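The values are calculated or read from the model by the stated rules, or taken from the named source; none is laboratory data. Keep in mind that this is a model prediction, so the values were computed, not measured. Every residue, glycine as well, gets a Cβ built from its backbone with ideal geometry; the counts of neighbours run over all protein chains shown. Heavy atoms of the whole protein, side chains included, go into the accessibility calculation; ligands, DNA and RNA do not. Shrake-Rupley method; radii C 1.70, N 1.55, O 1.52, S 1.80 Å.
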Amino acid sequence: MTCHCAARTAAGPTVAVALRLVAVTARVNRHPSRHECVATCRTSVPHPTSLSVPTVNVCPVSTRGNTSLLAGPPYGQRSFDELDDPLRDVTFVVVDLETTGGSHLTESITEIGAVKVRAGAVLGEFATLVDPGRAIPPQIVMLTGITDAMVMNAPTIATVLPSFLEFSRGCVLVAHNAGFDIGFLKAACDRLGIPWPGNAVVDTVRLARRVLSREEAPSVRLGLLAPLLGSTVAPDHRALTDARATVDVLHALFERLGPLGVQSLTELQQLSRDVSPARRRKRTLADHLPATPGVYLFKGPNGEVLYVGTSVNLRRRVRSYFGAGETRGKIKQMVTLAERVDYVECAHALEAHVREQRMIAIHQPKYNHRSRSPNKVFWIVLTSETFPRLSIVATPPADRPGALGPFTSRADATTAVEALQEVVRIRRCSQRLGRRPTGSPCALAELGRCGAPCAGQEEAAAYATHVGRISALVDGASDEVLDGLRTRLEKLSAEGRFDQAAVLRDRLSVLAQAVDRRQRLSSFAGIEELVTARPSAHGGWELAVIRYGRLAAAGRARLGVDPMPVVDLLTASAETVVPRPGPLPGASAEETATLLRWVEEPGTRLVHTSEPWRSPARGAGRWRPFMAAVDLARAQLAGPTWRH
């Protein structure tokens, strides 16, 4: 066995730090020789693609076709080829096998030949005969020239395979008709109990069929393809020779990938899949995008916004729409219509998510379904009358505190109402009652489920206790309503009435989740100003100023910069949020919930708060284990069913 290897190292790209200035710029030079901190200031000016969330970053840069002057993260932007896995940096091991026959299930390997290449240079070669442990059929001897005498003293596959796997470790395997060669290697690993390492695989047969027309290459057999593409090595059915010829074929095919826009390994692997040439050509729409967090907008022929999305790497994400990885039919249609892609750079992923939600609500893109109606939620309120009843509304009245929600569907709101009506004798009739109603009792009154205030059988003072129980539940003063539902649930289960118990269980879970959600959101949205910080994966801190549940400013303090001056500048330049009446005074339920999830994630730190952040002691938070158990039970019931 012979093995010749070479190694090469490449210096990593220089990381530059970038920042954008907006409106008024103030500088704080703590260590001028090492770094500088720059803050931005902005007033709220309505614009369809520029929202009033000031940002802070470090060091000014230009804006290349940007739809808004927004701050990008302070880490370096790499060149186009340095995104993902550019082909020039990928190490390939081109392998060829000779075997005793065509099936990896019954035949064995007689020879392995491999060439390791990167950036057009040969780094090493691997070549060895292998003792197959059986006689080589005469027809194979005639084809390859490998005889039993040649392999008599050769090492077995048990000796050779670990060496080859080490030679190809971390590399992309390339083979001509890869299914044959890789199939034999996987089968050998399986017989020896060696885990297959899972290297990425490129098949030059499939690649040639994508790159070359049938008129140019009627056959893609290696013996015909190699001379057609100018290989300096003639294939002769010996492993190393054929591997060297395949190297020439691979490089020749690479030279033809430019017009197809293939520059990375991911794109090379996708090339063999079904992607229309028209869609692949549109990948140039992503050339101007930076490799930073932000929001991207696909726009149609008339400048209309077709689709809005967000990513921590704008260029990489947008480029994926033009490859085989995108399989959604409507999105493929959108890409066909798109004429350009605009973008908004953001300080970090949180700002990008919030801006995405706002832009979708503003532009109403045809191909976005999520976030198009962030205010389309439902609330449960008590009507304003002597004998209030529960009502489902789209907007809670400003003069009536204690609204329960938000619910994303009317069905969930209805389920929560039914849960309340199970244990609270609140009236269900829809007529408006005066101070002295004179109606007739309904069937629910006869069943003891209602006090019949419509017939004057329950005074307003007694009825007010029912209203007080619901208000106490929503405000977190008491959760005895939930306890009552659980007691009834346990009784149904003990009586063997499991169908009714399951219905009540789901109602209890929906109600508990709604109460917990309302208490968490209203407590969070009631804070006038909250400043948070989270460690950045690139070093430094990701900062956010939140006012009444609305993102008022976002920024970054890079590694080595004291974050507190940046925080001060952020709060000074943040958007002024005037609270409106209601449980969510500053933003939509969707935005407030997004911010709350970010703040509650591990690693986020509270830098400053204008007032204490409280949660009610008797709130629904203690019911979360019950909710999780219900969700688990429902998921198990919704799983695959057994067929007999």
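Of the candidates 367, 343, 321, 296, the single residue that is in contact with a Leu (Cβ under 8 Å, 6 or more places away or on another chain) and more than 26 Å from residue 546 (Cα to Cα) is 367.
Inspect region 274-291 for any residue being more than 30 Å from residue 210 (Cα to Cα), under 19 Å from the mean Cα position of the chain (by Cα), of a type outside the set (Asp, Glu) and at pLDDT 85 or above and give the result as yes or no. No, that holds for no residue.
Evaluation of residue 421 against the conditions (1) within 29 Å of residue 505 (Cα to Cα); (2) modelled with pLDDT under 85; (3) open to solvent by 20 Å² or more (accessible area, probe 1.4 Å) shows that the sole unmet condition is (2).
Candidates in region 256-269 are the residues that are open to solvent by less than 30 Å² (accessible area, probe 1.4 Å) and part of a helix (DSSP H, G or I); of these, the one that is modelled with the lowest pLDDT is 267. The residue that is least open to solvent (accessible area, probe 1.4 Å), counting only those in region 290-313 that are under 16 Å from residue 366 (Cα atoms) and of a type in the set (Ser, Thr, Tyr), is 296. For residue 117, the conditions (1) part of a strand (DSSP E or B); (2) surrounded by fewer than 20 Cβ atoms within 10 Å (Cβ to Cβ) are fulfilled apart from (2). In the set (1) touching a residue at least 24 places away in the same chain (Cβ under 8 Å); (2) surrounded by 15 or more Cβ atoms within 10 Å (Cβ to Cβ); (3) not β-branched (Val, Ile, Thr), residue 340 fails one condition alone, (2). Of the residues making up region 560-574, at least one is open to solvent by 20 Å² or more (accessible area, probe 1.4 Å) and in a loop (DSSP other than H, G, I, E, B).
Would region 101-110 turn up any residue that is under 15 Å from residue 238 (Cβ atoms) and either open to solvent by less than 20 Å² (accessible area, probe 1.4 Å) or aromatic (Phe, Trp, Tyr) (or both)? Yes, there is a match, as at least one residue in region 101-110 is under 15 Å from residue 238 (Cβ atoms) and either open to solvent by less than 20 Å² (accessible area, probe 1.4 Å) or aromatic (Phe, Trp, Tyr) (or both). When residue 435 is tested against (1) at pLDDT 90 or above; (2) part of a loop (DSSP other than H, G, I, E, B), only condition (1) is not met.
Pick out the one residue from 574, 620, 587 that is aliphatic (A, V, I, L, M) and more than 16 Å from residue 524 (Cβ to Cβ). Talk me through it step by step, then tell me what you get.
Numbers: 620 fails: more than 16 Å from residue 524 (Cβ to Cβ); 587 fails: more than 16 Å from residue 524 (Cβ to Cβ).
The conditions single out 574.
Remark: pairs (first residue in region 604-631, open to solvent by 60 Å² or more (accessible area, probe 1.4 Å); second residue among the hydroxyl-bearing types (Ser, Thr, Tyr); Cβ separation under 7 Å; 6+ apart in sequence or on different chains) = 605/532; 606/532; 613/523; 614/523; 615/523; 618/478. Would you pick out the residues in region 120-146 that are more than 24 Å from residue 248 (Cβ to Cβ) and either open to solvent by 40 Å² or more (accessible area, probe 1.4 Å) or of a type in the set (Val, Ile, Thr) (or both)? Selection gives 130, 131, 133, 134, 135, 136, 138, 139, 140, 141, 142. Residue 600 - would you say it is without any contact (Cβ under 8 Å) to a residue 40 or more places away in the chain and open to solvent by 50 Å² or more (accessible area, probe 1.4 Å)? Here the answer is yes, as residue 600 does meet what is asked. Kindly indicate the residue of region 215-255 that is among the polar types (S, T, N, Q) and touching a residue at least 60 places away in the same chain (Cβ under 8 Å) and also most open to solvent (accessible area, probe 1.4 Å) among those meeting that condition. Looking at the filtered set, the residue picked out is 241.
Inclusion of residue 126 among residues that are assigned to a helix (DSSP H, G or I) and either under 29 Å from residue 268 (Cβ atoms) or modelled with pLDDT of 95 or more (or both) is not warranted. Of everything listed in (1) of a type outside the set (Ser, Thr, Tyr); (2) open to solvent by 20 Å² or more (accessible area, probe 1.4 Å); (3) under 20 Å from residue 100 (Cβ atoms), the single unmet condition for residue 209 is (3).
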